[in-house]
Amino acid sequence: MAAGRVRALLRSRGAAAVAWAVVALIGAFALIRMLGLERGFPLVPLMAFTPHAIGAAIVAVVVAALARRWVATVAAVAMLAMLAALVLPRAFSHAGEPPPGAVPLRVLTSNILVGQANLDELASLARRERIDVLSVQELTPEADRKLRRLIGDRLPHHAARAEPRTAGTGLYSRYPLRQRSALAGGRTSFKMARATMVVPSVGPVELAAVHPPPPTIGPAIVNWRHDLEALPRADPDGRPTILLGDFNATIDQAELREVLDSGYVDAAYEAGKGLATTWPANRRFPPEVTIDHVLADERIAVVDVEIHELEGSDHRPVSAELALPRY
C-alpha cells in the first residue's frame with residue numbers, strides 16, 4: 001500500500017513540477033558554467049562546486065524518470081552529460097613523455113593557515129619529496145624565520161613577502177633566486193612573492209607564489225578578480241613561468257580559465273589528479289573543492305602530481321614533478 005502511494009505521488013502533477021524545477025536549475029547551472037557567464041555573488045563561488053553538481057544532475061534524472069516525465073528525463077540526461085564532459089576528463093592523465101634532455105624540477109605549494117600548520121611536518125615533506133621549489137601562503141614573519149631554519153640546507157634561497165595574518169607568501173628554492181617587484185605594483189590584496197630562478201642547463205625560470213583573496217561576496221569578488229588578472233600571463237617567446245599557490249579558484253571559474261588560456265597547463269589536470277580536492281581539509285562544510293594549483297608554462301612537461309596532508313592547515317599541499325625544457 002505504501003509503495004502504491006509513492007508511485008501515485010511520483011506521477012502527480014506536483015512531482016512533475018518538482019522534476020522540471022530540478023532539471024531547470026541544473027540546466028541553468030550547466031549552461032552558466034559552460035559559457036562562463038557567472039557574475040557576482042552567489043554565482044562566482046557556486047561555480048567552484050561544479051563537480052558536486054553531477055550528483056544533483058543524477059538526482060534530477062532519477063526524479064524525472066520515476067515521475068515518468070520523459071521529456072524532462074531526456075533534458076536531465078543531457079545536462080548530466082554536459083557536466084560530465086566538463087568534469088570527468090580531470091580524472092584521466094593527459095601528460096606525455098618529457099622531451100629528451102629535459103631537466104626535472106619538483107615543486108610544492110602549501111597554505112599554512114596563518115603559520116598554524118605543522119612546519120616541521122612541512123619541512124619533512126619537502127625533504128621526502130626532494131622538493132626544489134616550495135611556495136608558501138599565509139606566511140607570517142615567525143613562520144618565515146622557522147622555515148628558513150628548517151629547510152635552509154635543502155632550499156637555501158628565498159624570496160619572501162611575510163606578513164601578519166593571511167597576506168604573506170614566500171618562495172624557497174634549491175636554486176638561486178632574484179626577487180622581483182610585486183604584482184600589479186603591490187596593489188593586490190595579498191603580497192604575492194615573485195622571483196626569477198636560475199636553473200643550471202636551463203636558465204632563468206619565472207616563479208610566483210599565488211594567493212588572491214577568496215571570492216565570497218561583493219567587494220571580495222572584485223578584489224579576487226583583480227588579483228587573478230594581475231598574474232603574469234604565459235609568454236611563448238619569453239621565459240618559462242610557474243605559478244603555484246592557493247588560487248582560491250577552481251578551473252570551473254572563468255577567471256582561472258583565462259589565466260590557463262594564456263598558455264599554462266594545470267599540473268593536476270594533466271596528471272589525471274584534477275578531481276583531488278585540496279580545501280577545506282579539516283571541515284565537513286563546505287564541500288571540498290580544488291583551489292590549490294601548480295600552473296606550468298605549456299613548454300614545461302608535467303610528469304606527476306601528488307596531494308598530501310598537513311597537520312594544522314585547512315589546505316592539502318600539492319606537489320608536482322615537472323620537466324623543464326632546455327632553451
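Bear in mind that the values in this text are calculations on the coordinates, not laboratory data. Note that this is a predicted model, so its numbers are computed, not measured. Glycine also receives a Cβ, built like all others from the backbone with ideal geometry; neighbour counts cover every protein chain displayed.
Mind telling me which of Val202, Val294, Val265 comes out most flexible in a GNM of the chain, alpha-carbon contacts under 10 Å? Greatest mean-square fluctuation among the candidates belongs to Val202. For the chain, the mean residue ellipticity at 222 nm estimated from helices alone is -11000 deg cm²/dmol, where every DSSP H run of n ≥ 4 contributes -39500 (n - 2.57) and the total is divided by all residues, rounded to the nearest 500. Placing a pseudo-label 7 Å from each Cα along the Cα-to-Cβ vector at Ala182 and Arg68 gives an inter-label distance of 6.7 nm. A protection proxy built from the mean count of other Cβ atoms within 10 Å ranks the segments 174-185, 67-78, most packed first, as 67-78, 174-185. Determine, at each q value in 0.23 (inverse angstroms), the log₁₀ of I(q)/I(0) that the Debye formula gives when each Cα of the stretch 43-125 is one equal point scatterer. Normalising to I(0) and taking log10 leaves -1.06.
Taking every alpha-carbon pair within the stretch 185-327, the share separated by more than 23 Å comes to 34 percent.
Counting 0.36 nm for each residue step from Leu43 to Tyr175 and taking away their Cα separation leaves a gain of 43.4 nm. Database remark: amide H of Ala160 closer than 5 angstrom to the amide H of Leu171 (H placed geometrically; neighbours at sequence offset of 5 or more, or on other chains; Pro and chain starts carry no H). Applying the Karplus relation 6.51 cos²θ - 1.76 cosθ + 1.60 with θ = phi - 60° to the stretch 267-276 yields 3J(HN,Hα) values of 4, 5, 4, 4, 8, x, 10, x, 9, 6 Hz, where x marks Gly and Pro. Phi-derived couplings, Karplus 6.51 cos²θ - 1.76 cosθ + 1.60 at θ = phi - 60°, listed residue by residue for the stretch 175-186: 9, x, 10, 10, 5, 9, 5, 5, 4, 6, x, x Hz, with x used for Gly and Pro.
Among the DSSP helices (H) of the chain, those spanning at least 18 angstrom by Cα along their long axis with an average Kyte-Doolittle hydropathy of 0.0 or more are 13-35, 50-66, 70-87; this is a geometric and hydropathy rule only. Shown is the FRET efficiency for Lys146 and Glu258, computed with R0 = 51 Å from the Cβ-Cβ distance and rounded to the nearest 0.05: 0.90. Here, the stretch 172-248 has an Rg and a Dmax of 13.6, 47 Å when only alpha carbons are counted. Modelled this way, with points 7 Å down the Cα-to-C-beta line, the labels at Ser93 and Val59 are 3.6 nm from one another. Amide H contacts for Val305 (H built 1.01 Å from N in the peptide plane; partners 5 or more residues away or on another chain; cut-off under 5 Å): Glu321. Cut-off 20 Å, label point 7 angstrom out along Cα-to-Cβ of Arg165: give me the residues of the stretch 213-229 whose amide nitrogen falls inside. What the label zone holds, given the 20 Å backbone N cut-off, is 213-228.
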